[in-house]
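Asks: My structure is below; once you've seen it, I'll send some questions.
The values are calculated or read from the model by the stated rules, or taken from the named source; none is laboratory data. Computed from a predicted model, the values in this text were never measured in an experiment. Don't worry about glycine lacking a Cβ; one is built from the backbone with ideal geometry, like all the others, and counts go over all protein chains shown. Each accessible area value is taken on the protein alone, full model and side chains, heavy atoms only, with ligands, DNA and RNA left out. Shrake-Rupley method; radii C 1.70, N 1.55, O 1.52, S 1.80 Å.
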Amino acid sequence: MLVLSPAAIIFGIPGGLLRELRGNPTVAFTYLGCAFLFAAARPGRWAAAAAVVLGGLLYAVLDWAGVPKAGYFGSELINSASYLGVGCLLVLGARVFLVSERERWPASRLFAIAWISGWFWVALGFLLPLTQRMCPLTIDPLFHAVDGQFGFHLSFLLGRILAGRPAAWNLTATIYYALPAMAGLALAVDFRNPNSAYRSFPMFVTMGLIGFSLYWFCPAAGPKFAFAADWPARLQPAGSLSPLSLPGVARNCMPSLHFASALGCYWVLRHSRRIYRALAGVFLLGTFFATLALGEHYLIDLIVAVPFTLTFLAGWVHALPWSVAERRAAVIGGCLLTGTWLGLLRWSGSLLLGSRTAVWALTGITLGVSLFLHNRLVQAVDRSRAGGWKSGRPEEVGMS
């Protein structure tokens, strides 16, 4: 079942994931993340060769079947990642039956992480249309008005930088699509760390599931969709706050799971090698720019994503017991800050529009308290590590 289960991903989704492997950059980057997890197993030459051959066979089959190729920026190179990733996934599944009994648990665990990761990001993408069916109206005008309380609309400002510059737009879009690959890299690096302080895999999964459910609570689509005729060239004044009907557009703004996941990668990789910390930091900055400049999010989406991420990071710290005050404070503080924003946006938006000072103050409190609580959490983790804490993770082994 483990060997054949990737077939459920390839063939089991109505609409055909085989076409998505060639036409959807997010799907391609998802399977690149699976390839990073494959590399975490330190495959030998034969295992790596088998993954490449299987990926090549998939490419040949798709060509033979006449599955059309997409023409997006870098598609030939990016799509190669999807073929390779599926090959890596199949080899990881086969490996479960080929290793010794002692090695079977870590092999099964790694395959489960890779398989669920490959399914999870793709499934969220296929489920996004449900948000428009469940929430026919969006509160984008309110989000737009609250953003205006900062004295500027950052999405419009950054969007103008990309306007008329296709090369810059393509590069920015590639960063936006690459989130699953960055998450896969973070999981792979964390998997190899025998003293990892976080349960990063369940952290990302629960953060995605709960974040997805919150899209129904404060439905918004993003300025590019809500103000399609004007964005980003002409800033529309914040007039009527009446909800909008935006057919055919997903409601996936609040909170920004894109920015939350990128921030989660950066925080999880804090104790890793400098090259990974630097890469995660650059990707975090690129994601901040991309989510706004592409018109996918409002600034407040990213602000709320900070305490939202902190809640799950602290919730899945297994270097600290729940009795540690720093852990409890981070979870409770993150929940309260996230809930405050969501409650105001849902029921008391007028309070946010009554005073520009209030919005700035709430933003400062949100970011300041979140970073303070995160810093205390990290210090507690560092003290635990210095005291000789061990994760108890079973020995990870390579494969030949």
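Asks: Can you pull the percent of region 153-289's accessible area that's carbon plus sulfur, 1.4 Å probe, other chains left in place?
Replies: Values: 3810 of 5680 Å².
After summing per-atom areas, the C and S share lands at 67 percent.
Asks: Further question: Let me know the Kirkwood hydrodynamic radius for region 196-308, please, with Cα pairs as the basis and the value in Å to one decimal.
Replies: Evaluated on region 196-308, it is 15.4 Å.
Asks: Give the peptides 145-153, 242-250, 297-305 in descending order of average Cβ contacts within 10 Å, highest first.
Replies: Going by the mean number of other Cβ atoms within 10 Å, highest first, we get 297-305, 145-153, 242-250.
Asks: Let me ask something additional. With a probe of 1.4 Å, find how much accessible area region 255-377 has per residue, and write the answer as a whole number in Å².
Replies: 40
Asks: Then there is this: Name the helices (complete DSSP H segments) of the chain with a Cα length along the long axis of 24 Å or more and a Kyte-Doolittle mean of at least 0.5, or state none.
Replies: Taking the DSSP H segments of the chain (at least 24 Å long, mean hydropathy at least 0.5), we get 45-65, 75-98, 274-293, 299-315, 325-347.
Asks: What is the packing order of peptides 178-190, 206-218, taking the mean over residues of other C-beta atoms within 10 Å and listing the highest first?
Replies: Highest-to-lowest ranking by the protection proxy: 178-190, 206-218.
Asks: What net charge do the residues around Val268 carry, taking every other residue with its C-beta under 11 Å from that of Val268, with Lys and Arg at +1 and Asp and Glu at -1?
Replies: +2
Asks: Shifting gears a bit: Would you compute the Debye intensity of region 223-367 from its alpha-carbon atoms alone, equal scatterers and no solvent, and pass along log10 I(q)/I(0) at q = 0.20, 0.21 Å⁻¹ to two decimals?
Replies: Here log10 of I(q) over I(0) equals -1.35, -1.41.
Asks: A further question follows. With loop defined by DSSP as not H, G, I, E or B, and exposure as at most 10 other Cβ atoms within 10 Å, which is the longest segment of the chain clear of exposed trypsin sites (Lys or Arg not before Pro)?
Replies: 1-233
Asks: Enter the accessible area per residue of region 94-207 (Å², integer; probe 1.4 Å; all protein chains in place).
Replies: That works out to 40 Å² per residue.
Asks: Here's another thing I want to ask about it. Anyone know which of Trp267, Trp347, Trp360 comes out most mobile in the 10 Å Cα GNM of the chain?
Replies: Answer for the Gaussian network model of the chain: Trp347.
Asks: Can you give me the Rg/Rh ratio for the chain, using Cα atoms for both radii and the Kirkwood formula for Rh?
Replies: 0.98
Asks: For region 304-371, which semi-axes, largest first and in whole Å, follow from the square roots of 5 times the eigenvalues of its Cα gyration tensor?
Replies: Details: eigenvalues 146, 25, 13 Å².
Gyration-tensor ellipsoid for region 304-371: 27, 11, 8 Å.
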